[in-house]
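**Q** Below you'll find the structure I mean.
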Amino acid sequence: MEQRDHIEKQIEKIGLLLNKLFSKILKLNDVEFSNQIAEEVNTTLLTTLNINSITFNEIHPDDFIHFLQFEKNINPAHWEDLANIFYSLFKKSEKDSEEYVNTLNNCLMIYNYLEKSEGTFSFERNQKMNEIRAVLNFKK
C-alpha cells in the first residue's frame, strides 16, 4: 500500500514537472526562444524520464508507442504532456529539418493513441492533430 502511494506521488510529481515545462515554453514568443531554453527542457526530460528531443526524433513513428510504454516505461498519463512539450518546442524551431517532421509524426502518434485509448474526445488535442496533419501534408 505504501509503495503504491509512493508510485502515485512520483507519477504526480512528473506530471507537475511536465506541466511546468510546457507552461514555460508557451510563455515564450519566437524572439525570446533560444537554444538555452530547449537545452534546459531536454536536460530536465532526460533526468526525469530518460528521453530528450534527439531520442524523440530518432524513433520511427510505427515503433514510438511501444518505445514509450515498454522501453522507457513512461506512464501513459504523461504522454500527452510529453507530446505537447515537443510539439511546442518544434513549433518554434526550424521548420525545414527532418527532425521537425519526425517530431510531428511522433506527436501525432501519441495524440492518435490517446484519442483511441481514452475514449474521450478533446477539442484541444483534435486541433493539434489537425495542425500537425496540415503541416505534414504541406511538407509532402
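**Q** Looking only at segment 85-93, decide whether some residue is on the phi < 0 side of the Ramachandran plot, open to solvent by 40 Å² or more (accessible area, probe 1.4 Å) and in contact (Cβ under 8 Å) with a residue 40 or more places away in the chain.
**A** Yes, because at least one residue in segment 85-93 is on the phi < 0 side of the Ramachandran plot, open to solvent by 40 Å² or more (accessible area, probe 1.4 Å) and in contact (Cβ under 8 Å) with a residue 40 or more places away in the chain.
**Q** Same structure again: Can you tell me which residues in segment 14-56 are part of a loop (DSSP other than H, G, I, E, B) and at pLDDT below 85?
**A** 28, 29, 30, 31, 32, 33, 34 - these are the residues of segment 14-56 that are part of a loop (DSSP other than H, G, I, E, B) and at pLDDT below 85.
**Q** From the residues in segment 57-83 that are out of contact with any Leu (no Cβ under 7 Å at 6 or more places or on another chain) and of a type in the set (Val, Ile, Thr), which one is modelled with the highest pLDDT?
**A** 65
The values are calculated or read from the model by the stated rules, or taken from the named source; none is laboratory data. Note that the coordinates shown come from a computational prediction; the quantities given were computed from them, not determined experimentally. In this analysis, Cβ positions are derived from the backbone assuming ideal geometry, glycine residues included, and neighbour counts consider all displayed protein chains. Ligands, DNA and RNA are excluded from the accessible area calculation, which covers all protein heavy atoms including side chains. Shrake-Rupley method; radii C 1.70, N 1.55, O 1.52, S 1.80 Å.
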